[in-house]
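Read through the structure below, which is laid out as structure tokens, and then see the notes.
Bear in mind these aren't lab numbers, they're just calculated from the coordinates by the rules spelled out. This one's a predicted model, so the numbers in the text were calculated from it and none came from an experiment. Note: ideal-geometry Cβ built from the backbone for every residue, glycine included; neighbour counts use all protein chains shown.
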Amino acid sequence: MNRMIRNGSEERQNYRIFMVINSVGYVGIVVHLALIPLFYWLGFPGLSLLNIFSSILWISAWASNQQGQHHSAIVLMTIEVFLHTLLVVPTLGWQAGFQYYLFAAVPFTLFNNKFDGKAIIFVSLALGAEFLWLSLYTHDQPLNPALSDQQARLLERSNIVIAFAAQCIISYYFRLASIFLEQELENQAHTDSLTGLYNRRRMTDFLTQQGKLAAREHTTLSVAFVDIDHFKKINDNYGHESGDQILKAVAYFIKRQLRKDDTLARWGGEEFLLLLPHTDIGGARVLAEKIRDTVAEHTFQIEGSEYAVTLTIGLCEHRTEHPIEESVKLADIALYRGKQAGRNRVMCYS
């Protein structure tokens, strides 16, 4: 199960990387294709040839990304930005603004999940060093005579827009990655990894909240312990993997019977805890019997053999003059009495 969660996380991470490269790739391809006729028209045939080569690199990187080769795509794009800026800025001059692409290249490399910390620092320093070198040696140089001041200003403003557009795309997916990570960490903290149900820690919060709400609004509230009978025999005879399958199946059958406001958690081992707001002991018993019957009537498969599973359920209606933890203990006592009485039954605390 942990492997499945990890694989699912890796797939979503790869998808985000794919979308970043795909979106930035479209921008890069369009820009470099547009620069081919533009540079030729401005009187720079050498830069036109350079952008033909650059366009081929960007298209190749985009194609690599489509084939799942995200690392290769990012490396190709980063190298192209590095070389393109290094050649174009000294030719046209600092005023044309092609150096701004270096700012977008730094966070872009962070999406390369094949780069370790040292590689990211190296690439970032290399891009920063290039920007500094260009600033030292081209910032105060006169504009290329082939360019007018108006053309240089138009190029600079266009490059600022393009660089910021790339930054916005990258920042957007960084934000998505951050939100996803926060949600995943919260789910891991509050969710049982095997069944997908709330864990004991999260259920304790719900119990406290619902206990206070019931006391404040004078509403009924019941809790129920659900235990799989003879679960140890399943683990001993068929192994823990088969036991895990039974746990997941039972969790699924219980969830199917619940109402919108009911809350189910894996309390520990083969025990589940049910929180039933606005439910008295009579209503809780009806629901518990329905859950017990549903599981008892189902034929489970373990290693190709049929296997019957039964549940024992202990119920307690919460009394608001007592802490909710007291009702949980009483439901546990009812469960214990149900097991003593022969299992496969619903027992109410009285």
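Close amide H contacts of Ile302 (hydrogens built in the peptide plane, cut-off under 5 Å, sequence separation of 5 or more or a different chain): Tyr307. Each Lys or Arg adds one and each Asp or Glu takes one away; over the other residues whose Cβ falls under 10 Å from the Cβ of Tyr198, this sums to +2.
Ordered by packing density, taken as the mean number of other Cβ atoms within 10 Å over each peptide's residues, highest first, how do 98-109, 260-271, 290-301, 47-58 rank?
Highest mean packing first, the order is 98-109, 47-58, 260-271, 290-301.
Only Cα pairs under 8 Å and 6+ residues apart enter the sum, and on that basis the relative contact order of the range 200-348 stands at 31 percent. A cut-off under 14 angstrom between Cβ atoms defines the neighbours of Thr78, and their net charge, with Lys, Arg +1 and Asp, Glu -1, is -1.
Scalar couplings 3J(HN,Hα) for the range 60-74, obtained by applying the Karplus form with A = 6.51, B = -1.76, C = 1.60 to θ = phi - 60°, are 5, 5, 4, 5, 4, 4, 4, 8, x, 8, 5, 4, 4, 4, 5 Hz; x denotes Gly and Pro. Residue by residue, the range 86-96 carries 3J(HN,Hα) couplings of 5, 8, 7, 4, x, 6, 8, x, 4, 5, 6 Hz when phi is fed to the Karplus relation 6.51 cos²θ - 1.76 cosθ + 1.60 (θ = phi - 60°); x denotes Gly or Pro. With neighbour counts taken as other beta-carbon atoms within 10 Å, the residues Trp94, Trp41 rank, fewest first, as Trp41, Trp94.
The mean sequence distance of close C-alpha pairs (under 8 Å, at least 6 residues apart), as a share of the length of the range 2-190, puts its relative contact order at 23 percent. The mean sequence separation of alpha-carbon pairs under 8 Å and at least six residues apart, normalised by the residue count of the chain, gives a relative contact order of 13 percent. With the Cα gyration tensor of the range 193-350 giving a ≥ b ≥ c as the square roots of its eigenvalues, does the rule (a/c under 1.5 for rounded; else a/b larger than b/c for prolate; else oblate) give rounded, prolate or oblate? Judged from the Cα gyration tensor, the range 193-350 comes out prolate (a/c at least 1.5, a/b above b/c). Under 5 Å between amide hydrogens, built in the peptide plane, is the criterion, and for Asn199 it picks out Thr191, Asp192 among residues at least 5 positions away or on other chains. Take the Kirkwood radius over Cα pairs of the range 275-350, plug it into Stokes-Einstein at 37 °C and 0.692 mPa s, and you get 245 µm²/s for translational diffusion. The computed mean projected area of the Cα convex hull in nm² for the structure shown corresponds, within [x] 25.3; [y] 22.2; [z] 16.0, to [x].
A straight chain from Ala126 to Glu303 at 0.36 nm per residue would run longer than the Cα-Cα distance by 57.9 nm.
So how strong a dipole does the chain carry about its Cα centre when Lys and Arg Cβ are +1 and Asp and Glu Cβ are -1, to the nearest 20 debye? All intermediate terms of the calculation are to be shown ahead of the outcome.
Details: 31 positive and 34 negative charges, 64 e Å.
I would put it at about 300 debye.
In a DSSP loop and with at most 11 other Cβ atoms within 10 Å, the trypsin sites (Lys or Arg not before Pro) in the range 62-165 are Lys114.
Hey, which lysines would be in cross-link range of Lys233, C-alpha to C-alpha under 25 Å, not counting anything within fewer than 8 residues on its own chain? Lys233 reaches Lys248, Lys255, Lys290, Lys339. Compute the signed sum of charges (Lys and Arg +1, Asp and Glu -1) over the other residues within less than 13 Å, Cβ to Cβ, of Ala96. With Lys, Arg at +1 and Asp, Glu at -1, the net is 0. Packing-based ranking of 136-147, 231-242 yields 231-242, 136-147, ordered from highest to lowest mean Cβ neighbour count within 10 Å.
Each residue of the range 165-171 was assigned a 3J(HN,Hα) from its phi angle through the Karplus expression (A = 6.51, B = -1.76, C = 1.60, θ = phi - 60°), giving 4, 5, 4, 5, 4, 5, 5 Hz with x at Gly and Pro.
Would you mind computing the Rg to Rh ratio of the range 2-190 from its alpha-carbon coordinates, Kirkwood style for Rh?
With Rg and the Kirkwood Rh in hand, the quotient comes to 1.04.
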